[in-house]
Amino acid sequence: AAFMTEESKIRPMKSLAVSQEIPFPTKVFLRKKSAQKEAIALDQEYKQVEQSVRKEVKETYFRLFLNHQKSLYIKDSLSLMGSIVEVTNKKYSVNKAGQQDVLRAQVEYAKLSNMDILYEQEVKIAESLLKVLLGRADGAPLAQPLGSCQNEFEADDGVVVTGGEFTEHTNTISI
C-alpha cells in the first residue's frame, strides 16, 4: 500500500466484458436438418423444371418437324394441282372439259394454297418457340429439320437434335 499514490486510489478500474450466445446443440442440429430438407426440395424442383423444359423442347421440335413435312407435301401437291388446273383450262378452251371441272380444280388448288400458308405459319410458330426454349435470339437463324425418318434437326450454330439428344460442339445433352 506504500507504493499507491493518491491519484491511483481515485481512478476507477476499467473492465471489459465479451459474451457470445451459443445455441443449444439440438437447435443447431434442427437447423442443419431443415437446411438439408430445403436443399433436397430445391434440387427436386430444379430436376422437375429441367424435365418439363426437355419435354417441351421435344414436343416443339417434333411439332416443327411434322409441320415442315406437311408443308413440303402440300408444296408438292400444289405443284401437281397447278398442272391439273393448267390441263383442265386447256381442255376447257377446246371444249373437252366442262366449266365445273375447271372450277373444281381451281377450288382444290385454292384449298391447298390455304393449307400451305397455314403450315408455313405453324412452322414459324414452332421455330419461334424452339428458339425461346433453347435461349436463342428471335432473329437467330434456325435450320429446318433434316430427313423424313431420321428425326434430326440441325441449327446453323452446330446444335444437332438426334433421337432425343442435343449435341452442341462436343457437349451432349440427353433428353
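Read-outs throughout are calculated quantities, based only on the coordinates presented, and are distinct from any laboratory measurement. Predicted model only: the values in this text are computed from it and were never measured. So basically every Cβ, Gly included, is an ideal-geometry build from the backbone, and we count neighbours across all protein chains shown.
What lysines could a cross-link reach from Lys27, if we take a straight Cα to Cα line under 22 Å and drop same-chain neighbours fewer than 8 places away?
Reachable lysines: Lys37.
Could you work out the relative contact order of the stretch 11-137, using alpha carbon pairs under 8 angstrom and six or more residues apart, expressed as a whole percent?
Relative CO of the stretch 11-137 lands at 33 percent.
Taking the Cβ of Lys37 as the center, what net charge do the other residues with Cβ under 14 Å away carry, scoring Lys and Arg +1 and Asp and Glu -1? Walk me through the numbers on the way to the answer.
Working: positive: Arg31, Lys32, Lys33; negative: Glu38, Asp43, Glu45.
Net charge in that neighbourhood comes out at 0.
List the residues, sorted by chain then number, that are 5 or more residues from Ala97 or on another chain and whose placed amide H is less than 5 Å from its amide H.
Amide H neighbours of Ala97: Tyr92.
For the ranges 21-27, 57-63, what's the packing order if you count other beta-carbon atoms within 10 Å of each residue, average per peptide, and put the highest first?
Ranking the peptides 21-27, 57-63 by packing returns 57-63, 21-27.
May I ask which of Lys91/Lys111; Lys32/Lys131; Lys70/Lys131; Lys75/Lys131; Lys90/Lys124 have a Cα-Cα span longer than 31 Å here?
Over 31 Å apart, Cα to Cα: Lys32/Lys131; Lys90/Lys124.
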